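J.: Structure provided below as structure tokens; questions to follow.
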Amino acid sequence: MAEKLTFALVSPERELFHGEVDQVVVPGTEGEFGVLPDHAPLMSTIKPGALRIMNGADERRIFVNGGFADVTPDGLTVLAEDAVDLAEVDSAKLEQDIKDFEEDVRDAKDDAHKTQAERALARAQAMKAALMR
Amino acid sequence: MPSLKEFRNRIASVKSTQKITKAMQMVAAAKLKRAQGAAEAARPYAERMASVIANLSSSVQGEGAPKLLRGTGEDGVHLVVVATSERGLCGGFNTQIVRAAREKIAALLAEGKTVKILTAGKKGRDQLRRLYAAQMVGHIDLSGYRTIDASAAQLIGDKVREMFDADEFDVAHLVFSQFRSVISQIPTVRQLIPAVAPQGAEPPDLKGAAYIYEPGEAEILDALLPRYVDGQILQALLENQAGFYGAQMSAMDNATRNAGDLIQKLTLRYNRQRQANITKELIEIISGAEAL
């Protein structure tokens, strides 16, 4: 396959990935979908999960915590809330984090802290689910 | 005329002040670089988001549009979100933002609107509290954040949306300082809600094909708009942060220079005084010798 897909992964804070790849599999809210070069224009919301970037024999799995995918003739853009490379995630540490966050949710003094802790917990759990597969 | 010892003490104290301002200037310069980088890194997201919004809002309009985009249909209650810095020692940076906010508030009040003020950043709160204590509805404490990130923006965004959902205001404005350069920050007022589709953002050229929306356009816009608001707040906070360090840097540069001038003047006076003392002593000795 000669043609490549221009793919950009951006979070509110910075651009995480920009380059030419073969295929990207996006965890859309209505199911996973793969994007190849010359895909039809598409806009979809993303649920927390693993985004797979395939380039030749290479496959990178990146955890995205919700966001948007926008496919145009120019390529694919994923606007992610936040994103973490799954290869860099340590499963033991993640387990610990989940326990910590669970504790935070229980010990939260007021609503603001509680929502914050719950958000962090949901993120860690989704990351774990993505890692397991 | 103060004694020589007093001069020496003053020179020493100004010198140590100069050391502090010099150090602060260098710290601010380093942090400015990082803040500028952060503001720049956040730009692609904002740009893409803007083009997506421009694209979507042109196709979803009228009654079906989400409330964040179309507003409440009224224009009576305005929320002014004033973002300033948590700390001072930055020249007129915060005063400039507060002045822009005050002008906006005064204009709104003159039109007979109800104004509510939400502040983020301690300095703005302190300055506005004196004038508009009755209009202040809340304050968001960002002092816990050493660097601004998306969660800080979310904190403000959540609060603003919560108030909007409770029908506490019709229009929201955000006052912050746009970063132009180290010596120039421009206080800016931007409308936050109802969300305005950015100007100049072109919908992408689809080469004749139509977009597939998954789920529907309205749902996507519904999910996208809160993030767009957050994104705008984040951009404002990052610009503010860069501007703050820029202003602090030039303020500290001035302070260092002033301290230098002061040291020079004091040293001159110190030396004069010293010479006068020596001359006086000599005269005493000589006239003493002559008298013999």
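J.: With a 1.4 Å probe and every protein chain kept in, tell me what percent of the accessible surface of the protein assembly as shown is carbon plus sulfur.
T.: Heavy-atom surface of the protein assembly as shown belonging to carbon and sulfur, 1.4 Å probe: 50 percent.
J.: How big is D, in µm² s⁻¹, for segment B:49-158 by Stokes-Einstein at 37 °C and 0.692 mPa s if Rh is the Kirkwood radius over C-alpha pairs?
T.: Result for D is 205 µm²/s.
J.: Let me ask you something else. Magnitude of the Cβ-charge dipole of segment A:5-86, K/R +1 and D/E -1, about the Cα centre, nearest 20 debye?
T.: That gives a dipole near 180 debye.
J.: If you consider only alpha-carbon coordinates, what radius of gyration and Dmax does segment A:89-132 have, in Å?
T.: My reading of the Cα-based Rg and Dmax gives 10.6, 33 Å.
J.: Could you quote the convex hull projected area for chain B, Cα atoms only and averaged over all directions, in nm²?
T.: Orientation-averaged projected area of the Cα hull: 21.5 nm².
J.: Within segment A:1-67, which GluC sites (Glu not before Pro) sit in a loop by DSSP and count at most 16 neighbouring Cβ atoms inside 10 Å?
T.: Filter output for segment A:1-67: A:E3, A:E30.
J.: Do the alpha carbons of any pairs in A:K99/A:K128; B:K67/B:K122; A:K93/A:K128; B:K19/B:K265 sit beyond 20 Å of each other, and which pairs?
T.: On the way: A:K99/A:K128 12 Å; B:K67/B:K122 31 Å; A:K93/A:K128 11 Å; B:K19/B:K265 18 Å.
Among A:K99/A:K128; B:K67/B:K122; A:K93/A:K128; B:K19/B:K265, the Cα-Cα distance tops 20 Å for B:K67/B:K122.
J.: Please report Rg over Rh for segment A:5-86, where both radii come from the alpha carbon positions and Rh follows the Kirkwood definition.
T.: Reported Rg/Rh, Kirkwood definition of Rh: 0.91.
J.: Also: Which residues make up the longest stretch of chain B that has no GluC sites (Glu not before Pro) in a DSSP loop with at most 10 other Cβ atoms within 10 Å?
T.: The reported range is B:112-292.
J.: How big is the Kirkwood radius of segment A:57-102, worked out from every pair of different alpha carbons and given in Å to one decimal?
T.: The Cα-based Kirkwood calculation yields 12.8 Å.
J.: Rg and Dmax of the protein assembly as shown over Cα atoms: what are they, in angstrom?
T.: Taking only Cα atoms of the protein assembly as shown, I get Rg and Dmax of 28.9, 115 Å.
J.: Still on this structure, I have one more. How much length, in nm to one decimal, is gained on full extension between B:I183 and B:T95, taken as 0.36 nm per residue of separation minus their Cα-Cα distance?
T.: That works out to 30.2 nm of additional length.
J.: Between the DSSP loop rule and a limit of at most 15 other Cβ atoms within 10 Å, which trypsin sites (Lys or Arg not before Pro) in segment A:60-123 are left?
T.: A:K109
J.: For B:K31, list the aspartates and glutamates whose Cα falls under 16 Å from its own Cα; do not include residues on the same chain fewer than 8 positions away.
T.: B:E40, B:E86, B:D149, B:E239, B:D253
J.: Sticking with this one: Counting only heavy atoms of protein chains, what accessible area per residue, in Å², does the protein assembly as shown have with a probe of 1.4 Å? The partial results should precede the final answer.
T.: Numbers: 21800 Å² over 425 residues.
For the protein assembly as shown, the solvent-accessible area averages 51 Å² per residue.
J.: Quick one: among B:I193, B:I278, B:I183, which has the greatest mean-square fluctuation in a GNM of chain B with alpha-carbon springs under 10 angstrom?
T.: Among B:I193, B:I278, B:I183, the largest mean-square fluctuation in the Gaussian network model of chain B belongs to B:I278.
J.: Test of understanding: extend the Cα→C-beta vector of A:D104 to 7 Å, then name every residue of segment A:42-64 with backbone N under 19 Å from that spot.
T.: A:48-49, A:63-64
The values are calculated or read from the model by the stated rules, or taken from the named source; none is laboratory data. Quantities reported herein were computed from a predicted structural model and do not represent experimental measurements. Cβ atoms come from the backbone with ideal geometry, glycine included; neighbour counts cover every protein chain shown. Please note that ligands, DNA and RNA were not included when accessible areas were found on the heavy atoms of the full protein model with its side chains. Shrake-Rupley method; radii C 1.70, N 1.55, O 1.52, S 1.80 Å.
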